[in-house]
Structures are given as C-alpha cells and as structure tokens.
Amino acid sequence: VSNEAEFRLVFAGGVTPQWNHESILRAIQPMDGVSYHVYGKGQQNYLDRLSVIDGAGRLVYHGHVSHDHVASALGSASVGMALCQPSKNTAGMLGSLGNTKLFEYMLNGLPVICTNFQLWEGIVEGASCGLCVSVDNVEEIAQAISYLRQHPAECKEMGRKGRGAVLREYNWKAAEKELLNLYEKA
C-alpha cells in the first residue's frame, strides 16, 4: 500500500462504461494526492469523455500494457477498483464470479472498493478485505476512498486479509476439492 502522499487507485481491464470510471473520477476530483491509474484498452471516444470529466488531472491512462507491467502497477497501488455496473451478465445485483478482477486485486494484496453485488459483498465482507458501494453513488465512492486513505494501517490489513483469502479458498486448487466432492456425492 502506498504512502498517504500519493494514494493510487488502480483499474486493470477493458476500459468501458461498464466499469463506472466516470463515477470514480467524479468522486476523486476534489481530492488532492489521489490518482486513478487505468490499464487496458479503451475506445478513444470513451477516453475523451473521461478526460472531460477529469478536470483536476487525476486520471493516468496507461493504455494496453503487458501482464508483467500490470503486476508491477498493482504492487505500487493503494486500492483496486472494481465498480461494475449491474447487467444481465451479473444477474442484476446478485453479481458474478465470472470476472476475476476482484480476486486479482486481492491476490496482489490490495484492498478493494467494489460494487455491492450480493456475491461480492459476501466475499469482501467475509474476508474483511475492502468496501462495497453503490456503483452510481459518487458520494459513497468518495467516502470509501477517503476512509481507506485516512486509515492506512487498516487499508494495509485489508489487503493482507484479501491475499490470505485468495490463497486459502478463492483459487482453483480449493475449487477442485469442492468439485470432486460434488462428483463423489452424485
């Protein structure tokens, strides 16, 4: 976790409206010392829209980079952002485990700020590894970011707990055991 002088939010993935970058940028505009580092491909018209919202210059768009570069970026970040819009793919507010972004952040020891999907809340609250927010509520997003920034020890501990949860239970080896148990019972 970075020091308080530079609080780095990070997103790695497809840079599309589904990930609610607009609300994140609106939330951090008045926050000195907070930057939003985005890694991934995005359409130019959408990136232009984000630039208009980003009047304070908080967005740092890195474009499409290698997996190694993303891994390094996650290592220097403060918080992983996963504010996915509810859709058919997420079964509305139930959420989906088909997207690995949440787990990638957790594995890298980052606390997360994510959508308050039922499934994600269960994971995040169960592991005490981040905060779940209403995806379109800019004030709630800002409060979550401010809270983690103002509580650096707790922020770091959330990251540690998230990493532990992935290593213990949110991985293919653990899922394999459950799947084999289901087969045995069938």
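The values are calculated or read from the model by the stated rules, or taken from the named source; none is laboratory data. As the structure is a prediction and not an experimental result, all values here were calculated from the model. Note that each Cβ is placed from the backbone with ideal geometry, even for glycine, and that neighbours are counted across all protein chains shown. Each accessible area value is taken on the protein alone, full model and side chains, heavy atoms only, with ligands, DNA and RNA left out. Shrake-Rupley method; radii C 1.70, N 1.55, O 1.52, S 1.80 Å.
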| query | Looking at VAL10, LEU167, ILE53, which one has the Cα that reaches farthest to the positive end of the dipole of the chain (charges on Cβ: Lys, Arg +1; Asp, Glu -1)? | reply | LEU167
| note | When every protein chain stays in place and a 1.4 Å probe is rolled, TRP172, TRP19 sorted by accessible area with the largest first are TRP172, TRP19
| remark: Quick note, the range 1-151: a/c under 1.5 would make it rounded; otherwise a/b > b/c is prolate and the rest oblate (a ≥ b ≥ c, C-alpha gyration tensor); here it is rounded
| field | Along the chain, longest interval not containing exposed GluC sites (Glu not before Pro), exposed being DSSP loop plus at most 15 other Cβ atoms within 10 Å | value | 7-168
| note | Helix-only [θ] at 222 nm, the chain, -39500 (n - 2.57) per DSSP H run of 4+, per residue, nearest 500, equals -14500 deg cm²/dmol
| query | Which far-off residues, 5 or more places away or on another chain, put their amide H under 5 Å from the one on LEU59, with H placed in the peptide plane? | reply | TYR36
| message | Need one value: the accessible area of TYR147 in square angstrom, 1.4 angstrom probe, rounded to the nearest 10. | response | 80
| query | Can you give the accessible area of HIS37 in Å² (nearest 10), computed on protein heavy atoms with a 1.4 Å probe? | reply | 10
| query | Carbon-plus-sulfur fraction of the accessible area of the chain, 1.4 Å probe, in percent? | reply | 52
| said: If you count only protein heavy atoms with a 1.4 Å probe, what accessible area per residue comes out for the range 20-121, rounded to a whole Å²? | reply: 45
| query | Using a simple charge model, +1 on the beta-carbon of Lys and Arg, -1 on the beta-carbon of Asp and Glu, nothing else, what dipole does the chain show about its Cα centre, in debye to the nearest 20? | reply | 340
| remark: Any trypsin sites (Lys or Arg not before Pro) in the range 28-103 that lie in a DSSP loop and have at most 15 other Cβ atoms within 10 Å would be LYS41
